[in-house]
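Asks: Okay, handing you the structure first.
We did not get these values from a lab; they are worked out from the coordinates using the rules stated. The structure displayed is predicted, hence computed values, not measured ones. All Cβ positions, even for glycine, are placed from backbone atoms using ideal geometry, and neighbour counts span all protein chains on display.
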Amino acid sequence: MGVRFRVEMADLEEDTIGDTVGLYRRIRLSKDVDSKKLWSVLVHEWVHAVLSVNGVGSVVSAEVEEIIAQSMEHGIEELMRQIGPQLLEAYQE
């Protein structure tokens, strides 16, 4: 949607592995997150960023937004598992 978000590794609160601040166009990922989990956290926070930019975040509750982000995170991960290798192959040709 043409809006850039800065992604940075940060020291976050104890139980927080990622957060998105739409107003500041910033996604922060915990420095402590396991490298295998990093992709999931980034996708999840990216969904929050998209919801912020398109205004959905301002018309739904935080709980509903979190459900949307979790659902999309799992859906995008599954999509990438199924067609990701073929997409990468197609772009390398």
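Asks: What is the sum of charges around Leu38, taking Lys and Arg as +1, Asp and Glu as -1, for the other residues whose C-beta is under 15 Å from the C-beta of Leu38?
Replies: Values: positive: Arg28, Lys31, Lys36, Lys37; negative: Glu8, Asp19, Asp32, Asp34, Glu45, Glu73, Glu77.
My count for the surroundings of Leu38 gives -3.
Asks: What is the spread of the Cα atoms of segment 5-76 along each of their three principal axes, largest first, in whole Å?
Replies: Sorted largest first, the three principal extents are 32, 26, 20 Å.
Asks: Something else now. Relative contact order for the chain using alpha-carbon pairs under 8 Å, separation at least 6, rounded to a whole percent? Write out the running numbers ahead of the final one.
Replies: Numbers: 88 pairs, mean separation 20.2, N = 93.
Dividing the mean separation by the residue count of the chain yields 22 percent.
Asks: Arrange the following residues from fewest to most other Cβ atoms within 10 Å of their Cβ: Arg4, Arg28. Don't skip to the end; give the middle numbers.
Replies: Numbers: Arg4 8, Arg28 21.
If I rank by nearby Cβ atoms, fewest first, I get Arg4, Arg28.
Asks: Which angle between 0 and 90 degrees, to the nearest 10, do you get for helix 35-53 versus the longest principal axis of the chain when only C-alpha atoms count?
Replies: It works out to around 60 degrees.
Asks: Compute the angle between helix 62-92 and the longest alpha-carbon principal axis of the chain, please, reported from 0 to 90 degrees and rounded to the nearest 10.
Replies: Taking Cα atoms only, the helix is inclined about 20 degrees.
Asks: Starting from the Cα-Cα distance between Ser58 and Val3, subtract it from 0.36 nm times their residue separation and give me the gain in nm to one decimal.
Replies: Result for the pair: 18.1 nm of gain on full extension.
Asks: So, in Å, what gap is there between the alpha-carbon centers of segment 43-67 and segment 1-20?
Replies: Cα centres, segment 43-67 to segment 1-20: 14 Å.
Asks: Amide H neighbours of Ala10 under 5 Å, at least 5 residues apart or on other chains, H built in the peptide plane: list them.
Replies: Under 5 Å from the amide H of Ala10: Leu29, Ser30, Lys31.
Asks: How big is the shadow of the Cα convex hull of segment 48-93, averaged over all directions, in nm²? Don't skip to the answer; put the middle values down first.
Replies: Details: hull surface 15.3 nm².
Spelled out: convex hull of the Cα atoms, projected over all directions, averaged, 3.8 nm².
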